[in-house]
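The structure appears below as structure tokens.
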């Protein structure tokens, strides 16, 4: 490192933590923006706009169009169906908090739905980075927490944090709620967990995590007595938070039922994109067979589940603490139970962001950390060019991001 570089690094380290995190996050998003712009220059014919669009048009595609439509037209009171009575793609698949904030901002400023949603997403992404760092600081030194935040901000699918998708808002709320849970501020976590459950379908695994945490803390108190363990009041607050989260997790499917008169309105809508009914675990075996054949394909989901379980017991991940490990385990269990694995799966791995700190804790080597950061940026190019940019497949359509 040159003397000038050393002085610049020393000056940056004297900045307040929030400014360091903000600068890191903005730099990561500028890198992503450059990749988006380069990919847009090569964008050919597509369903949304002429070839070679500008940056702002290019990031407002895919699900971003659905959110804009929700702001403009709201949610349907009747599920759209084809001539055979099969439910078609519709707005009920998209949770309401993100478009509600976009609608509020558009109403206050007169901005277009797309512009308002973009602003909400970008601000939420910055808030998410700050909340993630604060959470990581509970488990690591400032430098390691910053590296973990850098891994989160440059993850191959992290470009989604600057486009009009609900992910940045969800990660912000998830990191905030986890931080409150880690600090045992269970009553303060209640409004945060309700908002979290209205942002994306993460309420079920979060309620499962809280339930398991409640059992663990109750057993801990029974075995060790009061010193260092949860008080009765804290256990009662955690139980209330768990019950509230469970109810909030069901609120959006219940709202779809009330609005459409169909008790399975949300499930029917979600499974439209799959092309078949929801059968727990089965899509993972189907995909395994497609990728690896009839024998290895059946074994592949089991191997993956075992490897992920072993990951949770590695030394760097154990250092994350009970709450974050439980969250990662419950969320991955939720994906294995309900997700149809496909190209959108990469984006859906973002809620596992606590593992970014585990990666930073694995080694303090600058060479290791720099290599991880470089590989993430390179894989971000792959993600944007392969999945975000539209290139029609031989059978029609394209892989979704």
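Read-outs throughout are calculated quantities, based only on the coordinates presented, and are distinct from any laboratory measurement. Just so it is clear, the structure is predicted and the values come from calculations on it, not from any experiment. Glycine gets a Cβ as well: all are built from the backbone with ideal geometry, and neighbour counts include every protein chain shown.
General observations
- In this rough spin-label picture, where each label sits 7 Å from Cα along the Cβ direction, the residue 371-residue 274 distance is 3.9 nm.
- Model label points for residue 263 and residue 250, set 7 angstrom from Cα along the Cα-to-Cβ axis, are 1.1 nm apart.
- Sorted largest first, the spans of the alpha carbon positions of the stretch 249-401 along the three principal axes are 56, 41, 35 Å.
- Here the alpha carbons of the stretch 71-115 define both size measures, Rg and Dmax, at 13.6, 43 Å.
- By the helix-only formula, in which each DSSP H run with n ≥ 4 contributes -39500 (n - 2.57) and the sum is divided by residues, the chain has a 222 nm mean residue ellipticity of -21500 deg cm²/dmol.
- Percent of Cα pairs in the chain per distance bin of 10 Å, from zero to the largest separation: 5, 20, 31, 28, 13, 3, 0, 0.
- Measuring nothing but how far apart in sequence close Cα pairs (under 8 Å, 6+ apart) lie, relative to its length, the chain scores a relative contact order of 20 percent.
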